[in-house]
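All remarks here apply to the structure that follows.
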Amino acid sequence: MPGALSIDQLAAAVSALAGGDLSARIVGDGRRTVAGVATLEQADTDHLCFLANPRYRRLAAVTRAGALVLSEPDRQELFPDGSQASVLIVCEAAYAWFAFAAQSLAPKIEPAPGCAPGAVVHPAAKLDPSSSIGPLAVIDEGACIGPRVQVGAGCTVGRGVSIGEATRLYPGVRIYHGCRIGARCILHSGCVIGADGFGFAPFRGAWVKIPQTGAVLIGDDVEVGAGTTIDRGAIGDTVIEEGVKIDNLVQIGHNCRIGAHSAIAGCVGIAGSATIGRRCQLGGASMIQGHITIADGSVIAGATAITRDIRQAGFYTGIYPFMPNRDWERSAALLRHLDELRERIRRLEASVRAQRTESDR
Amino acid sequence: MPGALSIDQLAAAVSALAGGDLSARIVGDGRRTVAGVATLEQADTDHLCFLANPRYRRLAAVTRAGALVLSEPDRQELFPDGSQASVLIVCEAAYAWFAFAAQSLAPKIEPAPGCAPGAVVHPAAKLDPSSSIGPLAVIDEGACIGPRVQVGAGCTVGRGVSIGEATRLYPGVRIYHGCRIGARCILHSGCVIGADGFGFAPFRGAWVKIPQTGAVLIGDDVEVGAGTTIDRGAIGDTVIEEGVKIDNLVQIGHNCRIGAHSAIAGCVGIAGSATIGRRCQLGGASMIQGHITIADGSVIAGATAITRDIRQAGFYTGIYPFMPNRDWERSAALLRHLDELRERIRRLEASVRAQRTESDR
Amino acid sequence: MPGALSIDQLAAAVSALAGGDLSARIVGDGRRTVAGVATLEQADTDHLCFLANPRYRRLAAVTRAGALVLSEPDRQELFPDGSQASVLIVCEAAYAWFAFAAQSLAPKIEPAPGCAPGAVVHPAAKLDPSSSIGPLAVIDEGACIGPRVQVGAGCTVGRGVSIGEATRLYPGVRIYHGCRIGARCILHSGCVIGADGFGFAPFRGAWVKIPQTGAVLIGDDVEVGAGTTIDRGAIGDTVIEEGVKIDNLVQIGHNCRIGAHSAIAGCVGIAGSATIGRRCQLGGASMIQGHITIADGSVIAGATAITRDIRQAGFYTGIYPFMPNRDWERSAALLRHLDELRERIRRLEASVRAQRTESDR
């Protein structure tokens, strides 16, 4: 079975990827091999599975998987007597162990180094010889492509852009002039790095463009989703710190700073000059107003609009609860007139107070 | 008039397209010809128009259109005495009749089969000889392009992708490796099929990537809008069933399943592992949380966030009603303190009860 | 210092760009030169800065900038005695003056006229000799590219498209057949102009496509952000009037009309056949329902859904205020039952009225 690894080999690979930091106890025969990952339901004897969410315990109890990563409490609950068919990989951080293991098992198809047919590379661009430039990619003057970088088909890399080692651009990524991308980043198709920020001065009923003279700086180990747009700074740069993960169709305005290891789900909009702290999590379709600061470690629910600074980490939400349309119409109409309800309460309070005073006399 | 059809010819064409299922009664001279479609206001005597929305009846009454598709009740209302200038095409499903007729009248400019200049096709890709590959498109190893498929300029079709017959990719579509697209689909520019889902395991304050090993499977007769992104599955596939229509800038997360003939309007976000039923309608900018199930036939209003399962078909809404900003500030402030209003009501109820008890004594 | 301009030269350049309309008073030595713009904090003696927002007055008071644009009241407040290090440029419209000045200072790197290597231009396309077609761009039959137009790398310009003079397309812009783009427009990477509108007729449980026979007409001086999509009309055209500024990831449906000089921030969705007035401002992630009309000069807050016509200019908002999640859960639960609260108030009012009547007896 090509590409298969024994559990022992996997454990060594995981340990190496995790910097030696992630050990697991193997219960069963570590020489058993697995060739890929699968869901608990669909797994066969050559698959690796994981159990992280307790609501899948029932599936885990009957999985045919060759190996199963899980926590010690889950093991005790499910397989107290050691009678299971799967080799168990018992680990506190079961999901992370599985992630590293899945990386080790994933097939690696690396393009050959060098320039594919039809790529257009400016003579004054610098390509590391180990980098790979896909068909019909365009690399402009002064761009600097690091070791083992993969530039996909049809990408355009602007003047003076630098891309750090082992970063991967999927087909059709656009990077404007002057931007800097760190090492080991992944940029998905259709993302646009460094387009002009939205800056205009009003003048006699029209808009005058403010040239956007900054760039976008992206740290190491950042992932940028398909169709996501990150604008260059107006004056000064837009900064995405290391380890940030950004999903698809996210818009990040000019001069934002996104703190290290924050995660931003799909369809989020972040207006200009917002500062998102480190290790924040922004739920899908949330919206962050411009010039706002969000504290490290904040978690924003999906579909929530943040219109003021968040000074203290916490879990914040603002979603109109959905209802059958007829109920909503009533609820929305009342919401428009909440102040009248309050006024009626005030008047009632006054009446009741007056009656009480009267009856006290 | 090149491209013009008589009403009788049109009726035959519509009947053929509709599988013989859609008959109409012609009132007037079926030999009259029309060459195109127009709005009721702008129509001339060689145009076909339709009336579907009652609020346009007044315009229909005075249109110059050569032919008009409408329902029998509308005909009776507008032209009881048969004095109209237009040929009438009376049909219960007037809008569908018009749609098929407009398809028959639409100019067809088909590219010649074969590979345009500058396309880069891997030697191990399979192209049906009747397919057409646009200039500077890139077709990777093992891709399989079906009969009469049109791949637009600058598209990239990944390793092992298969595309069913008569499907059309507009310029700049990106399909990642291993995805399957059905027959007669339309994919618009800038859409990205099969980018990695957003899956990471937390580990020591950073994120570990979960390789996304599934693919995207798209059924027959699906339309995907410009800039829309559909992520590949983490483990297992993301599935778009037949007949689904997706508008622009929609994000569909990994491992979602969208039921047949559902329609998804622009700017919708669907988080990972959501299951949308058949024949659902999601309004523009609605948001569906991950791991949620929505019953067949559900209709979600625009700008509504669905945060829990919908078990029963219905029309669901959750939108904060807009108001002049000053009113909103008051309304929002009260909303933050609804529990206080409730508490005041409780206290009032207790007071009134106490007073009543007292006065009863 | 190459590219540097004296303040006097800048003032002349600004006046020329503004049509002679924008004068300023220079306080200090007009022969001093500046070479670029910077923030108040980071400016050095060869930088130009501006003060428009009063909350940055403190920074302006101590900036090292060589020149500072500001209003007369700000000058009086900050530098009453003329002791400042910076040359002052005193102007009522300080921000607009700065915008024009920054345009004058911005480095201009213009591509050489003509076709770059690998561009695919149909023999029946018309290119003005002063236009520049980037590498691997595709220009289709009958397209008409005006003077000094820049078409970026990898763009595709469809059949019969016309592009007005000095318009710039960044890499990877897609323009479908038949669309018309005005003069001096800027289209950013990944935007898609003229994809099919979302029009389908229901028929026997499936959807029948309505051919989208209109086009997109874009006026002069329009900017379209990265990843933004503007759909072609169904019957008749989608129209973007002159001077409109559109940010990233905006969706504009078929047959919309956007009035001149309106500004649309990121992630906005505008459904089909909406009419936005002139000089409107739509905040980020706001959503406009289809077939709606919005009055000239209206301002819509971010994240607000507009579900009915706006007949009178004003500032409109509809955002669920965000809160700590626990508070939100309570607030949302109450919102679902606002009608019960109202009912309890009604009953209280009746009780109190009854008691009063009783005690009056």
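The values are calculated or read from the model by the stated rules, or taken from the named source; none is laboratory data. Bear in mind that the values here come from a model prediction, so they are computed numbers and not experimental data. Quick reminder, even Gly has a Cβ in these numbers, built from the backbone with ideal geometry, and neighbours come from all protein chains shown. In case anyone asks, the SASA skips ligands and DNA or RNA and just uses the protein heavy atoms, side chains included. Shrake-Rupley method; radii C 1.70, N 1.55, O 1.52, S 1.80 Å.
Numbers for the structure displayed
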{"quantity": "Long-range HN-HN contacts of B:Ile288 with modeled amide H, under 5 Å", "calculated": "B:Gly269, B:Ile270, B:Ala271, B:Ile306"}
{"quantity": "Peptide-level mean, for B:352-358, of C-beta atoms on other protein chains within 10 Å", "calculated": "4"}
{"quantity": "Whole-Å distance, taken between Cα centres, linking the range B:66-136 and the range A:153-205", "calculated": "39 Å"}
{"quantity": "Peptide C:11-22 - average C-beta neighbours from other chains (10 Å radius)", "calculated": "1"}
{"quantity": "Bridge type composition, the range C:134-290 - antiparallel percent by DSSP, nearest 5", "calculated": "10 percent"}
{"quantity": "Inter-copy separations for B:Arg204, label at 7 Å along Cα-Cβ, nm, ascending", "calculated": "6.2, 6.2"}
{"quantity": "The range A:71-203 - percent of accessible surface contributed by carbon and sulfur, probe 1.4 Å", "calculated": "54 percent"}
{"quantity": "GluC sites (Glu not before Pro) within the range C:285-361: DSSP coil, no more than 14 neighbouring Cβ in 10 Å", "calculated": "none"}
{"quantity": "Relative contact order of chain B, pairs being alpha-carbon contacts under 8 Å that are 6 or more residues apart, as %", "calculated": "6 percent"}
{"quantity": "Cβ-based charge dipole, chain A, positive-most Cα from A:Ala234, A:Ile109, A:Ala119", "calculated": "A:Ala234"}
{"quantity": "The range B:111-221 - share of DSSP beta bridges that are antiparallel (%, nearest 5)", "calculated": "15 percent"}
{"quantity": "Anisotropy class of chain C from Cα gyration tensor, a/c 1.5 cut", "calculated": "oblate"}
{"quantity": "Inter-copy separations for C:Ala16, label at 7 Å along Cα-Cβ, nm, ascending", "calculated": "6.4, 6.4"}
{"quantity": "Estimated vicinal HN-Hα couplings, Hz - the range A:236-244 in sequence order (Karplus 6.51, -1.76, 1.60; Gly, Pro = x)", "calculated": "x, 9, 8, 10, 10, 6, 4, x, 6"}
{"quantity": "Rounded if a/c under 1.5, otherwise prolate or oblate - the protein assembly as shown, Cα gyration tensor axes", "calculated": "rounded"}
{"quantity": "Highest-first arrangement of B:177-185, A:194-202, where packing means the average Cβ count within 10 Å", "calculated": "A:194-202, B:177-185"}
{"quantity": "Test item: A:100-110 mean partner chain Cβ contacts at 10 Å", "calculated": "3"}
{"quantity": "Sum of -39500 (n - 2.57) over DSSP H runs of 4+, divided by residues of chain A (222 nm, nearest 500)", "calculated": "-6000 deg cm²/dmol"}
{"quantity": "Label distances, nm, A:Ala313 versus same residue in remaining copies, Cβ-directed 7 Å point", "calculated": "4.7, 4.7"}
{"quantity": "Those residues of the range A:327-346 whose amide nitrogen sits under 19 Å from the label point placed on C:Arg308, 7 Å along Cα→Cβ", "calculated": "A:327-341"}
{"quantity": "Heavy atoms of C:Asp8 accessible to a 1.4 Å probe, total area in Å² rounded to 10", "calculated": "80 Å²"}
{"quantity": "Size of the A/C contact, given as accessible area buried on both chains, probe 1.4 Å, in Å²", "calculated": "5800 Å²"}
{"quantity": "Shape of the range B:1-83, Cα gyration tensor, a/c cut at 1.5", "calculated": "oblate"}
{"quantity": "Which listed pairs, of B:Lys209/C:Lys209; A:Lys245/C:Lys245; B:Lys245/C:Lys126; B:Lys108/C:Lys108; B:Lys108/C:Lys245, have C-alpha distances above 31 Å, in listed order", "calculated": "B:Lys209/C:Lys209; B:Lys245/C:Lys126; B:Lys108/C:Lys108; B:Lys108/C:Lys245"}
{"quantity": "Residues along the range C:291-318 losing 30 Å² or more of accessible surface when the other protein chains are present rather than the chain by itself (probe 1.4 Å)", "calculated": "C:His291, C:Ala305, C:Thr307, C:Arg308, C:Phe315, C:Tyr316, C:Thr317, C:Gly318"}
{"quantity": "Relative contact order (percent, whole number), the range A:164-238, Cα cutoff 8 Å, 6+ residue spacing", "calculated": "34 percent"}
{"quantity": "Inter-part distance where the range A:293-324 and the range C:289-361 are each reduced to a Cα centre, Å", "calculated": "21 Å"}
{"quantity": "Ranked by how many other beta carbons lie within 10 Å on average, peptides C:45-56, C:284-295 from highest", "calculated": "C:284-295, C:45-56"}
{"quantity": "A:His337 paired with C:Arg31, simple spin-label distance in nm, labels 7 Å along Cα-to-beta-carbon", "calculated": "7.4 nm"}
{"quantity": "Contact order relative to length of the range A:1-125, as percent, for alpha carbon pairs under 8 angstrom and 6 or more apart", "calculated": "27 percent"}
{"quantity": "For peptides C:224-236, C:94-106, A:30-42, sequence by mean Cβ density within 10 Å, most packed first", "calculated": "C:224-236, C:94-106, A:30-42"}
{"quantity": "Karplus (6.51, -1.76, 1.60) ³J(HN,Hα), θ = phi - 60°, over the range C:323-335, in Hz, Gly and Pro reported as x", "calculated": "8, x, 3, 5, 5, 4, 4, 5, 4, 5, 5, 5, 4"}
{"quantity": "Accessible area (Å², 1.4 Å probe, nearest 10) - C:Tyr170", "calculated": "30 Å²"}
{"quantity": "Rounded to the nearest 20 debye, dipole of the protein assembly as shown from Cβ charges on Lys, Arg, Asp, Glu", "calculated": "1940 debye"}
{"quantity": "Surface per residue (accessible, 1.4 Å probe) for chain C, Å²", "calculated": "39 Å²"}
